[in-house]
Amino acid sequence: MSSTPFSLGTFAEASGSPFPGIVLDDKVHDTRAVLPEAATTRDLLADWEASLEALQGLADAPVGPGLPLGDLRVLAPVQLPGQIIAAGANYREHVIQITVAHRLGKADATEEELREQAAREIDERRANGEPYVWIGVPSAISGPYDDIVLPSFGENHDWELELGVIIGREAREVSPAEALDYVAGYTICNDLTTRSLVPRPEIPMMGTDWMRSKNQPGFYPTGPYVVPARFVADPHDLDITLRLNGKVMQKGNTGDMVFDIPALISYVSHRLVLQPGDMLITGSPEGNGSHYGRFLRAGDVMESEISGLGSQRNVCR
């Protein structure tokens, strides 16, 4: 008998405390029915192999009718959130667009020359280089339907929709060949960035400042769910779409990654310890605000989706 597909998340009733649940046909089933000692999704991820089999049993034979999904608040799926490990400049066409938008090359170069330069550099890095990775803070994670409060300082608040990889086992010095064995599942994360706060012109030798530009409260809307890896046939063939006020701005596919998920996990695990519940965000496709010269404003509505993983809706204020 085939396994019943399900998604994992964190939910709350209007006057209740958050609880972990699985989603089946728009009904949420409290996972504490089969794993009462696991009060949070983070607890489930701490022993993911055992938890997964118990959750699969609940999905195959639900206990009770479940709660209507529409009656619940959907929180970021992993509570309490783990580390955020983020791959930058990891989609080929995105890097090319950023290079052109910010004119990262010879001052007198044409747009076509900048594109050609960026393409050569990214292909060389893919062949002989290594990923660029930085760290985000868990306190900046928000829910998939939460409002985004644009900060009062800095300008040019931008979107970057990304595939999130949720870690299910402690990973240290993992090889690319075994890396996917450490993945619990996949989710959606929008990595928001205040572009004007990225450079530090007063201390140019320090380069970019990701702490102040990417870690404002709510700057990582995440979810709605974690879809277990067993239900994602190919994480490198997922469509990514972001709409701003109904207009498609980002439209890409995870197959455009410069460094794939096994390469990223292996690289990171040789430089820090990945823990269950950590989220690796894997880069964003082309089409962010820098490309269009159009950034987030109060009243904007972002609708984001990755095929098979659900969707987000966030209002800016």
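Structure notes:
- Residue among Ser51, Ser15 that is assigned to a helix (DSSP H, G or I) and of a type outside the set (Asp, Glu): Ser51
- Filtered residues of segment 121-150 (kept if part of a loop (DSSP other than H, G, I, E, B) and crowded, with 16+ Cβ neighbours inside 10 Å): Pro131, Val137, Gly143, Pro144, Tyr145, Asp146, Leu150
- Of all residues in segment 18-48, exactly one satisfies the criterion of being outside any strand (DSSP E or B), over 15 Å from Pro77 (Cα atoms) and either open to solvent by less than 20 Å² (accessible area, probe 1.4 Å) or basic (Lys, Arg) (or both), namely Arg32.
- Only residues that are in contact (Cβ under 8 Å) with a residue 40 or more places away in the chain and in a helix (DSSP H, G or I) were counted across segment 185-210, and they come to 4.
- Number of the condition not met by Asp60 [criteria: (1) of a type in the set (Asp, Glu); (2) at pLDDT 95 or above; (3) within 30 Å of Met249 (Cα to Cα)]: (3)
- Residue count for segment 69-111, restricted to those that are open to solvent by less than 10 Å² (accessible area, probe 1.4 Å) and under 20 Å from Gly164 (Cβ atoms): 9
- Scanning segment 267-302 for residues that are more than 14 Å from Glu160 (Cα to Cα), open to solvent by 10 Å² or more (accessible area, probe 1.4 Å) and part of a helix (DSSP H, G or I) yields a total of 1.
- Scanning segment 219-257 for residues that are outside any strand (DSSP E or B), of a type outside the set (S, T, N, Q) and buried (at least 22 other Cβ atoms within 10 Å of the Cβ) gives Phe219, Gly223, Pro224, Tyr225, Pro235.
- Where Gly308 falls short, out of the listed (1) open to solvent by less than 40 Å² (accessible area, probe 1.4 Å); (2) within 18 Å of Pro144 (Cβ to Cβ): (1)
- Condition broken by Ser213, with the remaining ones in (1) closer than 29 Å to Val273 by Cβ; (2) open to solvent by 20 Å² or more (accessible area, probe 1.4 Å); (3) in a helix (DSSP H, G or I); (4) of a type outside the set (D, E, K, R) satisfied: (2)
The values are calculated or read from the model by the stated rules, or taken from the named source; none is laboratory data. Keep in mind it's a predicted model, so treat the numbers as computed, not measured. We place every Cβ from the backbone using ideal geometry, glycine too, and count neighbours over all the protein chains shown. Remember, those area values only see protein heavy atoms, side chains included, never the ligands or the DNA or RNA. Shrake-Rupley method; radii C 1.70, N 1.55, O 1.52, S 1.80 Å.
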